[in-house]
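Since the structure comes first, as structure tokens, the remarks are kept for the end.
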Amino acid sequence: MRILTSLVAGFAAVLMLSACQKTSSSAVTAEDMSLGNANAPVTMIEYASVSCPHCADWNNNVFPAFKAKYIDTGKVHYIAREALTSDPAIAAAGFLTARCAGKDNYFKVTEAIYRSQQQMFSGQPHDVLLNIARAVGMTDAQFETCIKDEAAQNALNARWQRYMNDDHINATPTFVINGKYYDHGEMTMQQIDQAVAEAAAQGKSGS
């Protein structure tokens, strides 16, 4: 994994997950990456890791239909929050790359990582991420600098610690819809339809 292995020590401690009451906040912060209408009646937060196979399955098989039905129509404001589960070094390098690519390219990068996940696990994750970075216009030097950026690594680590400690996130993917925590992992479209309808009827909370 070349330089990705240097990230393991820095993120190993965040894998100590504590069992807490499962509640979360829908408050959007400047650090959040989001899609859709910020004034939508429903806000969905997904805590996910780009190295988590269950997150990749949801992204590849459910997210396109969810996006078309709810995000693109302005019904749901979607927020992605970065979790360092599964392989934390690969997850960290992936999220750092996505942020370095810029907000306009952030979801292009995470989408490409999810769809290249098996390739990363069976080969060289560094090379897979480098090719994704190149595809969105980053140079090799920019990519290498990006994933070695200690300040960005520390900020990512701090966000994940906060999600664990304050939002009580202990598994991925985890969804929070208008402040209500859903812990069934990969939500189906049927489950999402029901949750969004209930949230819209009740109105926003926790924001």
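The values are calculated or read from the model by the stated rules, or taken from the named source; none is laboratory data. Model, not experiment: these values are computed from the prediction. We place every Cβ from the backbone using ideal geometry, glycine too, and count neighbours over all the protein chains shown.
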- Of the residues Ile147, Ile192, which is more than 20 Å from Val50 (Cβ to Cβ), over 15 Å from the mean Cα position of the chain (by Cα) and in contact (Cβ under 8 Å) with a residue 12 or more places away in the chain? Ile192
- Task: Just one of (1) surrounded by 14 or more Cβ atoms within 10 Å (Cβ to Cβ); (2) without any contact (Cβ under 8 Å) to a residue 24 or more places away in the chain; (3) among the charged types (D, E, K, R); (4) farther than 22 Å from Tyr78 by Cα trips up Arg162, so point out which.
- Result: (4)
- Task: Please work out which one of (1) within 22 Å of Val28 (Cα to Cα); (2) modelled with pLDDT of 95 or more is the condition Cys146 fails and give its number.
- Result: (1)
- Message: Testing Ala38 on (1) without any contact (Cβ under 8 Å) to a residue 60 or more places away in the chain; (2) part of a helix (DSSP H, G or I); (3) not polar (S, T, N, Q), one condition comes back false. Which one is that?
- Response: (2)
- Item | Residue pairs meeting the criteria (Cβ under 6 Å; at least 6 apart or on separate chains; first farther than 13 Å from Met189 by Cα and at pLDDT 95 or above, in the range 57-80; second crowded, with 19+ Cβ neighbours inside 10 Å and β-branched (Val, Ile, Thr)) | Val76/Val42; His77/Thr43; Tyr78/Ile71; Ile79/Ile45
- Would you mention how many residues in the range 102-116 are more than 12 Å from the chain's Cα centre (by Cα) and crowded, with 24+ Cβ neighbours inside 10 Å? 0
- Task: Take the range 31-79 and flag every residue that is surrounded by 22 or more Cβ atoms within 10 Å (Cβ to Cβ), of a type in the set (A, V, I, L, M) and touching a helix residue (DSSP H, G or I) at 6+ places or on another chain (Cβ under 7 Å).
- Result: Val42, Ala48, Val50, Ala56, Val76
- Note on the structure: Of the residues in the range 9-48, those that are closer than 12 Å to Ile169 by Cα and at pLDDT 70 or above come to Ile45, Glu46, Tyr47, Ala48
